[in-house]
Amino acid sequence: MKKEEKFKEILCIGAGYVGGPTMAVIAAKCPDYNVTVADIDARRIAAWNSDLLPIYEPGLDEIVKRTRGKNLFFTTDISSAIKRCGIIFVSVNTPTKTFGEGAGKAADLQFWEKTARAIIEDAEDDKIVVEKSTLPVRTAELMHRILQSNTKGLSFEVLSNPEFLAEGTAIRDLESPDRVLIGAMETDSGRIAMEKVFDIYARWVPRDRILTTNVWSSELSKLVANAMLAQRISSINSISALCEKTDADVNEVASAIGMDSRIGPKFLKAGVGFGGSCFKKDILNLVYICDHYGLGEVARYWEQVILLNDYQNRRFVNRIIRSMFNTVANKKIALFGFAFKADTGDTRESPAIYISRLLAEERANLAIYDPKAIPNAKKDIADIASSVEFHEDPYSCAKSAHAIAIITDWSEFRTLDYQKIYQSMTKPAFIFDGRNILDKHKMHNIGFNIYSLGSRPLTTS
Ligand code: NAD
Ligand code: UGA
């Protein structure tokens, strides 16, 4: 294969929530490139090659159907793919370490290091290795050292190209990103490698939205972007607690402050707390790095974003218990939603997990409905299975319940027949709207005691 042609062979190691959608979009936008997505998980790869993809994401099925088998391939044969491809994206998982030094905070880089070692084992020529996973700042240095330790005289260029997609809107975010970030070493070979990755994105992303930086800024920007987004949520959630004490309404406060163009309206939706696989892990990682560099005050500042989030989960449950006459023991409570946000089946770090456990500890009987997340939910809370029943429709879920708690902002929860639901419930009937998606006056008129988050409840007695 000619030297330039191998850079039209792209490999992504890691076929998860990032690797799959990202590579599908690259394949669709660059028909003259061959894109291979490889994973050690044979079941996941089989699912990517089937009609039932391993993740639910609006628009994903269609794009995979269009490209799979043409210039998009899913495989477990990582070794052949490494040999063939000139550009290797690494999008393996980088969870929080659960053991040893840095346990509970630092990123666990074992999966990522294994891929680096697989690359030097199988590579037969020079490669561009692109960090797609979210990694601690200065990881590229370690990656480079491991790769350069090869005894074949090969040369590797390491770039950072963090991913900013959000689940549920991944395809839209990938097709029309606010920005693409590419960080490279400040060397001639670094700049040449960066141009090759730049050219891929330039097929569909306006050039002024492709930001190039040094590799350390790129790595750090990803952690900071997530920390700042999560910080906004914790900020507004902290105010939701104050609103409940003062009869202010957190939605009104959010609208009022969000109209200031310096603040902006996005990510100011108060709720049961943020979930998802990344916010918590990335902030913990930022905290760990700050402590590592002796920046205790900075570390404590960011740590507070997570502590406030835990507080918000607990606060939501405590409000349920207090409002329901200080006990939920043996009462059926219907949880509407289990995914960490709408339009995904992903439940990683979902507030629903903590809320379910806290309610089960109070001996509530839980009934759970979610349009996409039930298979994951069953695994997440297997430890409290005796307190939980799962439902395939919201009406049976709410039947004879004392309360409904809205945990996920699925749009279908806005349009249910709440009159019918009310009639089927035990009275007095409560709704705890943890996402503020229901019209509280309408619910109150039906007869519910309605507790929207961050405002005064409307009760019937
Ligand atoms: P994921 O767990 O869904 O997927 C990771 C995949 O990597 C798994 O399928 C796993 O089997 C595979 N893998 C692990 N070790 C491997 C190895 N040695 N060889 C081959 N495959 C291996 O994770 P994800 O949600 O796709 O996240 C991946 C990275 O992207 C993380 O660093 C995350 O922080 C970051 N990120 C995630 C999102 C998101 O929305 N999920 C968004 C932006 C960035
Ligand atoms: C987030 C970021 O938005 C992405 O840019 C980033 O790439 C990704 O993390 C990552 O690195 O994994 P994601 O977690 O998929 O994406 O979804 P978000 O839309 O950010 O929602 C995260 C959580 O915050 C959800 O539980 C959501 O319900 C909650 N949230 C969000 C609020 O409670 N209020 C808001 O105003 C916004």
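Collect the residues in segment 79-114 that are among the hydrophobic types (A, V, I, L, M, F, W, C) and buried (at least 18 other Cβ atoms within 10 Å of the Cβ), keeping them in residue-number order. Show your work before the answer.
Looking only at segment 79-114, we keep the residues that are among the hydrophobic types (A, V, I, L, M, F, W, C), and these are 81-82, 85, 87-90, 92, 99, 103, 106-107, 109, 111-112.
Passing the criteria: A81, I82, C85, I87, I88, F89, V90, V92, A106, A107, L109, W112.
Which of the residues spanning segment 245-264 are within 19 Å of G434 (Cα to Cα) and part of a loop (DSSP other than H, G, I, E, B)?
To start, the set of residues in segment 245-264 that are within 19 Å of G434 (Cα to Cα) comprises 245-255.
Within segment 245-264, D247, A248, D249 meet the criteria.
Name the residues in segment 118-175 that are among the charged types (D, E, K, R), touching a residue at least 12 places away in the same chain (Cβ under 8 Å), within 15 Å of ligand 2 (Cβ to nearest atom) and buried (at least 18 other Cβ atoms within 10 Å of the Cβ), would you?
E131, K132, E163, E167
Filter segment 17-54 for residues that are open to solvent by less than 10 Å² (accessible area, probe 1.4 Å) and not in a helix (DSSP H, G or I); which is nearest to ligand 1 (Cβ to nearest atom)?
Filtering segment 17-54 for residues that are open to solvent by less than 10 Å² (accessible area, probe 1.4 Å) and not in a helix (DSSP H, G or I), the one nearest to ligand 1 (Cβ to nearest atom) comes out as A38.
Answer with yes or no whether A339 is over 20 Å from S234 (Cβ atoms), outside any helix (DSSP H, G or I) and open to solvent by less than 30 Å² (accessible area, probe 1.4 Å). Walk me through it before giving the result.
Working: over 20 Å from S234 (Cβ atoms): yes; outside any helix (DSSP H, G or I): yes; open to solvent by less than 30 Å² (accessible area, probe 1.4 Å): yes.
Criteria met by A339.
Can you tell me how many residues within segment 55-76 are part of a loop (DSSP other than H, G, I, E, B) and either farther than 22 Å from P371 by Cβ or open to solvent by less than 80 Å² (accessible area, probe 1.4 Å) (or both)? Spell out how you get there, then give the answer.
Quick first cut of segment 55-76, residues part of a loop (DSSP other than H, G, I, E, B) only: 55-59, 69-71, 76.
Imposing the further condition that a residue be either farther than 22 Å from P371 by Cβ or open to solvent by less than 80 Å² (accessible area, probe 1.4 Å) (or both) reduces the set to 55, 57-59, 69-71, 76.
Number of matching residues: 8.
Output the residues belonging to segment 202-232 that are of a type in the set (F, W, Y) and either at pLDDT below 95 or in contact with a strand residue (DSSP E or B) (Cβ under 8 Å, 6 or more places away or on another chain) (or both).
So the first thing to find is which residues in segment 202-232 are of a type in the set (F, W, Y), and the list is 204, 216.
Listed by number, the list holds a single entry, W216.
Run down M259, M228 and say which single residue is surrounded by fewer than 20 Cβ atoms within 10 Å (Cβ to Cβ), within 16 Å of ligand 1 (Cβ to nearest atom) and of a type in the set (A, V, I, L, M, F, W, C). Show your work before the answer.
Working: M259 fails: within 16 Å of ligand 1 (Cβ to nearest atom).
Going through M259, M228 in turn, just one is surrounded by fewer than 20 Cβ atoms within 10 Å (Cβ to Cβ), within 16 Å of ligand 1 (Cβ to nearest atom) and of a type in the set (A, V, I, L, M, F, W, C): M228.
Report, by residue number, each residue of segment 316-336 that is assigned to a loop (DSSP other than H, G, I, E, B) and within 17 Å of A382 (Cα to Cα). Spell out the reasoning first.
Taking segment 316-336 first, the residues assigned to a loop (DSSP other than H, G, I, E, B) are 324-331.
If the condition is that a residue be assigned to a loop (DSSP other than H, G, I, E, B) and within 17 Å of A382 (Cα to Cα), then no residue fits.
Is it the case that segment 291-298 has a residue that's buried (at least 22 other Cβ atoms within 10 Å of the Cβ), in contact with a helix residue (DSSP H, G or I) (Cβ under 6 Å, 6 or more places away or on another chain) and within 30 Å of T139 (Cβ to Cβ)?
Initially, segment 291-298 is screened for residues buried (at least 22 other Cβ atoms within 10 Å of the Cβ), giving none.
No, segment 291-298 contains no residue that is buried (at least 22 other Cβ atoms within 10 Å of the Cβ), in contact with a helix residue (DSSP H, G or I) (Cβ under 6 Å, 6 or more places away or on another chain) and within 30 Å of T139 (Cβ to Cβ).
Taking D178, is it within 16 Å of ligand 1 (Cβ to nearest atom), touching a residue at least 12 places away in the same chain (Cβ under 8 Å) and either touching a Gly at 6+ places or on another chain (Cβ under 8 Å) or open to solvent by 40 Å² or more (accessible area, probe 1.4 Å) (or both)?
Details: within 16 Å of ligand 1 (Cβ to nearest atom): yes; touching a residue at least 12 places away in the same chain (Cβ under 8 Å): yes; either touching a Gly at 6+ places or on another chain (Cβ under 8 Å) or open to solvent by 40 Å² or more (accessible area, probe 1.4 Å) (or both): yes.
Taking the combined requirement at face value, the residue satisfies it.
Restricting to segment 195-223, give me the number of residues that are open to solvent by 50 Å² or more (accessible area, probe 1.4 Å), touching an Asp or Glu at 6+ places or on another chain (Cβ under 9 Å) and either in contact (Cβ under 8 Å) with a residue 40 or more places away in the chain or acidic (D, E) (or both).
The total comes to 1.
The values are calculated or read from the model by the stated rules, or taken from the named source; none is laboratory data. Here the structure is a predicted model, which is why all the values come from computation and not from measurement. Reconstructed Cβ throughout: ideal geometry from the backbone, glycine too, with neighbour counts over all protein chains shown. For accessibility, only protein heavy atoms count, side chains too; no ligands or nucleic acids. Shrake-Rupley method; radii C 1.70, N 1.55, O 1.52, S 1.80 Å.
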